[in-house]
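K.L.:
Got a structure here, written out as structure tokens. Questions coming.
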Amino acid sequence: MQRRDFLKVSGGLSAHLIVGGSLLSVGRAEADTGLPVAALKARLDPKKDIVLLATDKASAAKNLSFNKRTQIAPQLRVIAASAGAVSATILWATENGVGFAVRSGGHSYEGFSQSPDLVIDVRGIAAIKLSDNNKSVSVGSGANLGSVYTHLWRADVAIPAGSCFPVGVAGHSLGGGFGLLGRPFGLACDSILSMEVVDAMGQIRTVSEQKDPDLFWALRGGGNGNFGVVTNFNFRTSAVDMVARFGISWSRSVAQAIKIVQAWQQWLADLPPAITGTLHLDTAPGGRIKVHFAGLSVQSESKLIAELKRLQRVAGAADQVSTKTQTFKAAAIVFDGGGAPQVFMKGKSDYVIDLLSDQAILTLLSGLQRAPSPISVLFDTYGGAINKVASDATAFVHRGETKYSIQYYKEWNSAADSDADIAMMRTLYASMRPFVSGGSYVNYCDLDLGEHYAKAYWGDNLGRLMKIKTQYDPGNIFRHAQSVPLG
């Protein structure tokens with residue numbers, strides 16, 4: 001259902017909401033929730049904005065989030081169709097002491113876009129408009145990455161963002177936004193030219209380098225549910241037509257796999273910025289380790305092949321090598337990691353500044369082999385345009401000497417398996433503490449970080465973030481378990 005209407009009825013009867021195909025009295029809604037729903041509805045556009053109660057038939061589908069482990073049903077969900085609706089909902093919530101979360105794609109690993117009370121859902125703000133000269137694109141914060149890519153393909157342009165099409169553009173970009181165009185064009189947050197933001201006072205701001213530059217700085221890497229609700233982005237686009245897609249794999253003993261990972265690390269030092277890729281480490285039959293590196297180059301396939309040959313000269317001949325020149329559209333579809341719409345999962349992350357030693361790699365590979373069930377480990381290549389941006393130029397701090405990030409990722413099928421599978425992840429992660437920087441990627445949020453989360457996510461940028469938080473949200477209404485603390 002795409003709309004909700006207030007209906008005035010005669011004879012002294014109460015107003016009603018059309019909910020889930022039936023009529024539900026506002027009086028009953030307020031009795032069920034204890035919230036002044038009628039007052040909220042009066043501030044919204046009944047033809048565009050949608051208000052859902054937990055008991056509504058339409059709520060179940062809208063509540064679905066990527067991580068089934070963290071999913072909860074709010075008492076109230078507002079699917080806003082405009083910045084004005086977001087503003088009205090924020091003001092109503094603060095006036096009535098109602099806590100809330102902000103949702104776009106619903107892919108927060110720890111469920112920070114979930115709330116038992118109110119969810120401000122921006123999926124109603126999803127328009128995408130390419131500029132006349134194709135050099136920028138306006139994107140509503142409720143759009144997902146797949147929708148953005150699809151809109152831009154026909155103009156042979158893109159924004160450098162993630163590979164999973166269902167992920168919301170907002171959370172991804174505000175947390176940094178690594179993707180397979182990262183080394184030639186930077187992170188998603190590096191291409192943001194301006195944003196429309198609803199602040200803690202309900203004021204609708206347009207922020208950029210020229211206007212509210214501190215807030216603009218903070219939102220690029222520190223913006224997930226911390227400073228306001230971004231309702232629209234204006235991104236700079238990058239020209240991308242044909243790309244060269246690649247994959248290269250080895251299946252080797254642990255001792256041989258250590259040498260391959262070491263060679264890969266050394267090879268990265270001279271890797272052209274045109275190439276971005278992810279190294280996958282998985283267990284294989286016979287006590288072996290599969291090492292698989294895949295990604296894209298925005299230069300010619302011949303230059304890519306030369307680089308893969310250079311890698312094999314130090315790592316040894318691969319079992320499989322494939323390259324293919326194709327449109328970015330075709331390549332992006334191959335790399336779409338959207339997968340199942342819902343899973344039980346846990347993610348953790350690290351950043352590597354000093355190359356891993358043989359002992360560190362042995363620890364990681366041995367840990368993968370000891371795990372009772374498979375854990376995926378992925379190394380995302382940094383460098384190039386990502387590292388050319390100064391660590392303090394945006395709130396995203398993991399640049400400079402950063403070589404790559406490590407993501408530890410696990411999915412399972414039943415809630416009954418959650419404790420055991422999370423324990424596996426913790427064991428592997430703990431074993432790597434002596435060998436890594438201590439930094440973590442905020443888009444792979446991890447409640448296990450405890451009180452150290454803010455330093456892990458934002459490093460030396462934390463102090464400035466806290467000051468900006470105090471300036472723009474002194475009442476701390478934008479908060480969750482790992483939000484930026486007040487200065």
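K.L.:
Evaluate the Kirkwood expression for the hydrodynamic radius of the range 206-335, namely the inverse of the mean inverse distance over all pairs of different C-alpha atoms, and round to one decimal in Å. Walk me through the numbers before you get to the answer.
P.N.:
Numbers: mean 1/r = 0.0574 Å⁻¹.
Over the range 206-335, the inverse of the mean reciprocal pair distance is 17.4 Å.
K.L.:
Can I ask one more? Want the number for A416 to K57: 0.36 nm per residue separation, take away the alpha-carbon distance, what's left? Write down the numbers at each step before the final one.
P.N.:
Values: separation 359, 0.36 × 359 = 129.24 nm, distance 2.72 nm.
In short, 126.5 nm is gained.
K.L.:
Could you work out how far helix 358-370 tilts from the main Cα principal axis of the chain, as a 0 to 90 degree angle to the nearest 10?
P.N.:
The helix 358-370 is inclined about 60 degrees to the chain.
K.L.:
Scan the range 77-119 for chymotrypsin sites (Phe, Trp or Tyr not before Pro) in coil per DSSP, keeping those whose Cβ has at most 11 other Cβ atoms within 10 Å, and list them by number.
P.N.:
Sites meeting the loop and neighbour criteria: none at all.
K.L.:
Starting from the Cα-Cα distance between V334 and E451, subtract it from 0.36 nm times their residue separation and give me the gain in nm to one decimal.
P.N.:
Working: separation 117, 0.36 × 117 = 42.12 nm, distance 3.85 nm.
Taking 0.36 nm per residue and subtracting the Cα distance, the gain is 38.3 nm.
K.L.:
Tell me, what is the Rg over Rh of the range 115-248, with Rh the Kirkwood radius over Cα pairs? Can you show the working numbers first?
P.N.:
Values: Rg = 14.7 Å, Rh = 15.1 Å.
Over the Cα atoms of the range 115-248, Rg/Rh equals 0.98.
K.L.:
Would you mind getting me the FRET efficiency between D45 and D156? Use the beta-carbon distance for r and R0 = 41 Å, nearest 0.05.
P.N.:
On the way: r = 37 Å, r/R0 = 0.90.
According to the calculation, E is roughly 0.65.
K.L.:
Where does the chain land at 222 nm, in deg cm²/dmol rounded to the nearest 500, when only DSSP H runs of n ≥ 4 count, each adding -39500 (n - 2.57), divided by all residues?
P.N.:
Values: 16 runs with 148 residues, N = 487.
It lands at -8500 deg cm²/dmol.
K.L.:
For the range 242-457, I need the span (max minus min coordinate) of the C-alpha atoms along each principal axis, in Å, sorted largest to smallest.
P.N.:
Taking the Cα atoms of the range 242-457, the three principal extents are 48, 47, 37 Å.
K.L.:
Using mean projected area of the Cα convex hull in nm² as the read-out, say which of [x] 23.1; [y] 31.0; [z] 21.3 was calculated from these coordinates.
P.N.:
Recomputing mean projected area of the Cα convex hull in nm² here picks out [x].
K.L.:
Suppose R0 equals 60 Å. What FRET efficiency, 1/(1 + (r/R0)^6) with r the Cβ-Cβ distance, do M201 and T427 give to the nearest 0.05?
P.N.:
Working: r = 46 Å, r/R0 = 0.76.
Result of the calculation: an efficiency of 0.85.
K.L.:
Which of K403/K467; K135/K467; K348/K467; K47/K129; K62/K290; K211/K303 have a Cα-Cα distance over 32 Å? Mind showing how you got there, number by number?
P.N.:
Values: K403/K467 29 Å; K135/K467 34 Å; K348/K467 28 Å; K47/K129 23 Å; K62/K290 39 Å; K211/K303 42 Å.
With Cα atoms farther than 32 Å apart: K135/K467; K62/K290; K211/K303.
K.L.:
Say a site is exposed when it is one of the trypsin sites (Lys or Arg not before Pro), sits in a DSSP loop, and has at most 10 other Cβ atoms within 10 Å; what is then the longest site-free stretch of the chain? Show your work: numbers first, answer last.
P.N.:
Working: sites that count: K8, K47, R154.
The longest uninterrupted stretch comes out as 155-487.
Just so you know, all these numbers are worked out from the coordinates, no wet-lab data involved. Being a predicted model, the structure only gives us computed values, none of them experimental. Neighbour counts are summed over all protein chains in view; Cβ atoms, including those assigned to glycine, are modelled from backbone coordinates with ideal geometry.
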